[in-house]
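Working notes, beginning with the structure itself.
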Amino acid sequence: MTTSCIFCRIAAKEVPSTVVHEDDEVVAFRDLDPQAPTHVLVIPKRHIVSLDHGTAEDAHLLGRLMLVAKEVAAKEGRANGYRVVTNVGPAAGQTVLHFHLHVLGGRPMTWPPG
Ligand code: 5GP
Ligand code: ZN
């Protein structure tokens with residue numbers, strides 16, 4: 001746990017959030033500034049800075065995060081489609097340096113993203 005990390009603090013319940021899924025390794029909660037009707041962040045409880053910092057030892061955890069993203073989308077009724085995004089590094093728009101998947105859905109999406 002990195003005490004200065006906002007997502008570690010959310011995972012530890014030191015900072016409130018609207019949790020939509022929790023298990024021993026993963027938490028999913030609603031984004032504070034939603035960019036779509038569904039905008040949920042799926043994070044590992046363990047501090048990993050970004051996808052770039054993932055290792056082979058994290059393979060199982062990273063797979064679980066993807067499956068939780070799918071389960072969140074299903075719970076939110078996004079059978080028509082949704083987007084799962086992770087920003088890696090500031091140039092890609094990563095502002096919180098704790099790995100997270102954005103699950104976005106409920107409005108038309110364009111490609112490529114900005
Ligand atoms: P990034 O820009 O790093 O890909 O995404 C970080 C996301 O975290 C943003 O969409 C931002 O709105 C969200 N966020 C930042 N701080 C908080 C917070 O304290 N609580 C919640 N629920 N979301 C946050
Ligand atoms: Zn963290």
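Brief remarks on what is shown
- Percent carbon-and-sulfur accessible area, region 1-109, ignoring ligands, DNA and RNA, probe 1.4 Å: 55 percent
- Stretch gain in nm, segment Thr110-Ala59, where the contour uses 0.36 nm per residue and the Cα spacing is subtracted: 15.4 nm
- Note on region 2-87: dipole from Cβ charges, positive end direction compared against Val85, Ser50, Cys8; the farthest Cα belongs to Val85.
- Other residues lying with their Cβ under 15 Å from the Cβ of Pro44 contribute a combined charge of -3, Lys and Arg counting +1, Asp and Glu -1.
- Between Val15 and Leu32, the modelled labels are 0.5 nm apart [label points 7 Å from Cα along Cα→Cβ].
- Reachable lysines, given that their alpha-carbon falls under 22 Å from the alpha-carbon of Lys13 and they are not under 8 places away in the same chain: Lys45
- Rounded tilt (10° steps) of 59-75 against the dominant C-alpha axis of the chain: 40 degrees
- Helical runs (DSSP H, four residues minimum) scored at -39500 (n - 2.57) apiece and divided by the length of the chain put the mean residue ellipticity at 222 nm at -6000 deg cm²/dmol.
- Gap separating the Cα centres of region 43-85 and region 93-114, nearest whole Å: 12 Å
- Cα gyration tensor category, rounded, prolate or oblate, for region 15-54 with a/c compared to 1.5: oblate
- Using Cβ point charges alone (K and R +1, D and E -1), the dipole size of region 23-114 about the Cα centre works out to roughly 340 debye.
- Between Ala79 and Leu67, full extension at 0.36 nm per residue minus the direct alpha carbon distance yields a gain of 2.8 nm.
- Considering all different alpha carbon pairs of the chain, the Kirkwood hydrodynamic radius works out to 14.4 Å.
- Global form of region 38-82, assessed from the alpha-carbon gyration tensor, a/c cut-off 1.5: prolate
The values are calculated or read from the model by the stated rules, or taken from the named source; none is laboratory data. Only a predicted model underlies this, so the values are computations on that prediction, with no experimental measurement involved. Virtual Cβ from ideal backbone geometry, glycine too; neighbours counted across all protein chains shown. Protein only, heavy atoms only, side chains kept; ligands, DNA and RNA dropped before computing areas. Shrake-Rupley method; radii C 1.70, N 1.55, O 1.52, S 1.80 Å.
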